[in-house]
Amino acid sequence: MEVGVRRVKDAWLFDGEATHYGDILLHPHGGWSKSKGHEDVIEEIDGKNKFFTRSLQNWHTHLPMTLNRGMGEGLDLMSWLNNSIFPTERKITRDLVQIGTEAAVSELISTGTTFACDMYHFPDKIGPVLAQSGIRGVVCGPTTKWPPDGGEDEDLSTMRELEYLLSAGPIGNGRVEYGVATHAVYTCSEEVLMRGSDLARQYDATLHIHTSETRDEVANCHNENGMYPVEYLDSLGYFTGRTVCAHCGWVTKKEMGILASHGAICVHCPTSNQKLACGGTMSYPAMTASGADVRLGTDGAASNNSLDLRKEAKAASLIQRHDHWDATILDPIETWNLATKGSKDWVSWDLNDIRMRPFGRQGRRLLANLIYSDAKCQDVFVDGANIRKDGVTLTLDDQKIGARLEEAAVRYYEDV
Ligand SMILES: [Zn+2]
């Protein structure tokens, strides 16, 4: 795909601080500038009725779980895992993982997301889908066969497969990396946790874990170890400089300090927490006050049920204001910057959509409309390449992927 400078005529653009209007140049490696009208460009884009923003970044996913979307409704986390998800997942295959991932990536692109930090089995089938689609990702795979509690014969072949992927390095022109997943303190032994941590350290790879998602997890960890999950992980020497902790819903101030001291990325997943009735979610004001690096994630399609991170941005803003009785928390600018933190890519949203109107003077209402009301994603640019154009994804066949997911789901569940 062509990489170069593009000129967008008559467009609205939000760049992290303010909304601009006019002729805009999108540079191939992520920058933008105002056009003077005479630059050498590879493409002119009609920006009328388009609102350009940074792309969304989804920091906690289980991409293949589009296969599980809509199952196990009405269950709390532990019943959902033990009665719905885990028994089904014992039948997961490499082929199913690929089909589920294709569906997930199709959804990510069509909703304006260009990065996912994933955790699932068979990472060798997930990474190539991300690479071929043109988006970015960190694909974290386990070091044990499923289940990770050693219930099945432990021949270390899963660990060796992951090590092979890590040693081979990034794929997709460097946009897709592999990482290490250790599911949670309640599913991984100390040995499995530290084996994952050591492997991540050896390859300077991302280390991904669920932490303090429920009160039960926190209470059980304290009963068993005399410490809360983040304290316990710290006592083992688990944290590397690149740890991603999903949820952090029930953490103490001391644990927030530990997370901040390790530079851990702490992923707020408000929809999943509410849907599984966790009874609480991350305290965004306390976490940011402690210096922790907070990002947003949808979690898997089984517990959300959407991978649309724009909806997660709305959920985050609403639950934080509600929980803290403070309408000033996560205003539209802060919310959007949280949801797109670190993005080097661009997306555009359809201003013909009535939900985006009125724009307000100088486009002042655009961002609030986008977060709270909705809009269709029109274009996606990653690393200078146009992977979605005027509402159609160019790198994937959405229709075929949808049909394959449907057929695969029937196969996956036939005897569940
Ligand atoms: Zn998760």
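The values are calculated or read from the model by the stated rules, or taken from the named source; none is laboratory data. Remember, it's a predicted structure, so these values are computed and weren't measured experimentally. Glycine also receives a Cβ, built like all others from the backbone with ideal geometry; neighbour counts cover every protein chain displayed. These accessible areas exclude ligands, DNA and RNA; they are computed on the full protein's heavy atoms, side chains included. Shrake-Rupley method; radii C 1.70, N 1.55, O 1.52, S 1.80 Å.
How many residues does region 291-307 contain that are out of contact with any Cys (no Cβ under 9 Å at 6 or more places or on another chain) and open to solvent by 10 Å² or more (accessible area, probe 1.4 Å)?
As a first pass, look at region 291-307 and keep what is out of contact with any Cys (no Cβ under 9 Å at 6 or more places or on another chain): 291, 300-302, 305-307.
Narrowing the set further to residues that are open to solvent by 10 Å² or more (accessible area, probe 1.4 Å) leaves 291, 305-306.
Total meeting the criteria: 3.
Among the candidates VAL192, VAL230, VAL176, single out the residue that is more than 16 Å from the ligand (Cβ to nearest atom) and at pLDDT below 95.
Values: VAL230 fails: at pLDDT below 95; VAL176 fails: at pLDDT below 95.
Exactly one of VAL192, VAL230, VAL176 is more than 16 Å from the ligand (Cβ to nearest atom) and at pLDDT below 95, namely VAL192.
Which residue pairs have Cβ atoms closer than 6 Å, lie 6 or more positions apart in sequence or on different chains, and pair a first residue in region 320-331 that is more than 18 Å from GLY279 (Cβ to Cβ) with a second residue that is in a helix (DSSP H, G or I) and not acidic (Asp, Glu)?
Short answer, once both residue conditions are applied: ALA327/ARG321; ILE329/GLN320; ILE329/ARG321; LEU330/SER317; LEU330/GLN320.
Pairs only if they're at least six apart or on different chains, beta carbon under 6 angstrom, first in region 298-311 and under 9 Å from ASN68 (Cβ atoms), second within 13 Å of the ligand (Cβ to nearest atom) and of a type outside the set (A, V, I, L, M); list them, first residue then second.
GLY300/HIS62; ALA302/ASN68; SER303/SER272; SER303/LYS275
Can you tell me which residues in region 339-365 are hydrophobic (A, V, I, L, M, F, W, C) and either touching a helix residue (DSSP H, G or I) at 6+ places or on another chain (Cβ under 7 Å) or loosely packed, with under 15 Cβ neighbours inside 10 Å (or both)? Break it down into steps so the answer makes sense when it comes.
Going through region 339-365, the residues hydrophobic (A, V, I, L, M, F, W, C) turn out to be 339, 346-347, 349, 351, 354, 356, 359.
Those that are hydrophobic (A, V, I, L, M, F, W, C) and either touching a helix residue (DSSP H, G or I) at 6+ places or on another chain (Cβ under 7 Å) or loosely packed, with under 15 Cβ neighbours inside 10 Å (or both): ALA339, TRP349, ILE354, MET356, PHE359.
Take LEU25 and decide whether it is over 19 Å from CYS377 (Cα atoms), modelled with pLDDT of 95 or more and in contact with a Ser or Thr (Cβ under 8 Å, 6 or more places away or on another chain). Give the steps one after another, and end with the answer.
Details: over 19 Å from CYS377 (Cα atoms): yes; modelled with pLDDT of 95 or more: yes; in contact with a Ser or Thr (Cβ under 8 Å, 6 or more places away or on another chain): yes.
Taking the combined requirement at face value, the residue satisfies it.
Can you name the residue in region 197-221 that is among the acidic types (Asp, Glu) and open to solvent by less than 20 Å² (accessible area, probe 1.4 Å) and is also nearest to the ligand (Cβ to nearest atom) among such residues?
Among them, the one singled out is GLU213.
Would you mention how many residues in region 101-119 are buried (at least 24 other Cβ atoms within 10 Å of the Cβ) and in a helix (DSSP H, G or I)?
Start the filter on region 101-119 by keeping residues that are buried (at least 24 other Cβ atoms within 10 Å of the Cβ), which leaves 101-106, 108-109, 112-119.
Subsequent filtering for residues that are in a helix (DSSP H, G or I) retains 101-106, 108-109.
Residues that pass the stated criteria total 8.
Looking for whichever is within 21 Å of the chain's Cα centre (by Cα) and open to solvent by less than 30 Å² (accessible area, probe 1.4 Å) here; the options are PRO128, PRO142, PRO170. Which one fits?
Values: PRO128 fails: open to solvent by less than 30 Å² (accessible area, probe 1.4 Å); PRO170 fails: open to solvent by less than 30 Å² (accessible area, probe 1.4 Å).
When all the criteria are applied, what remains is PRO142.
Condition first: away from the ligand (no atom under 15 Å from the Cβ), under 30 Å from ASP293 (Cα atoms) and either assigned to a loop (DSSP other than H, G, I, E, B) or open to solvent by 20 Å² or more (accessible area, probe 1.4 Å) (or both). Now tell me which residues in region 50-75 satisfy that.
Residues satisfying the conditions are ARG54, SER55.
Residue check: is GLY249 of a type outside the set (S, T, N, Q), open to solvent by 10 Å² or more (accessible area, probe 1.4 Å) and within 16 Å of the ligand (Cβ to nearest atom)? Before the answer, list the steps.
Working: of a type outside the set (S, T, N, Q): yes; open to solvent by 10 Å² or more (accessible area, probe 1.4 Å): yes; within 16 Å of the ligand (Cβ to nearest atom): yes.
So GLY249 fits the description; yes.
If I ask for residues that are more than 24 Å from ASN337 (Cα to Cα) and within 26 Å of the chain's Cα centre (by Cα), which ones from region 1-47 would you list?
Listed by number, the residues that qualify are MET1, VAL3.
Of all residues in region 4-49, count the ones that are on the phi < 0 side of the Ramachandran plot, assigned to a strand (DSSP E or B) and touching a residue at least 12 places away in the same chain (Cβ under 8 Å).
Adding up the residues that qualify gives 21.
The rows are residues; the columns are (1) under 29 Å from VAL129 (Cα atoms); (2) not β-branched (Val, Ile, Thr).
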{"site": "GLY174", "(1), (2)": "yes, yes"}
{"site": "SER189", "(1), (2)": "no, yes"}
{"site": "ASP204", "(1), (2)": "yes, yes"}
{"site": "ASP216", "(1), (2)": "no, yes"}
{"site": "ASN225", "(1), (2)": "no, yes"}
{"site": "VAL230", "(1), (2)": "no, no"}
{"site": "SER235", "(1), (2)": "no, yes"}
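Consider region 290-342. How many of its residues are of a type in the set (Ser, Thr, Tyr) and under 12 Å from the mean Cα position of the chain (by Cα)?
Looking only at region 290-342, we keep the residues that are of a type in the set (Ser, Thr, Tyr), and these are 290, 298, 303, 306, 317, 328, 335, 340.
Next, only the ones that are under 12 Å from the mean Cα position of the chain (by Cα) stay: 298, 306, 340.
The qualifying residues number 3.
How about region 87-107: which of its residues are under 26 Å from LYS344 (Cα atoms) and away from the ligand (no atom under 16 Å from the Cβ)? Don't jump to the end; show me each part of the working.
Within region 87-107, the subset under 26 Å from LYS344 (Cα atoms) is 101-107.
Within region 87-107, GLU102, ALA103, VAL105, SER106, GLU107 qualify.
Hey, does region 90-100 have a residue that's outside any strand (DSSP E or B) and under 20 Å from THR206 (Cα atoms)?
Checked against the condition, which is being outside any strand (DSSP E or B) and under 20 Å from THR206 (Cα atoms), region 90-100 yields no hits at all.
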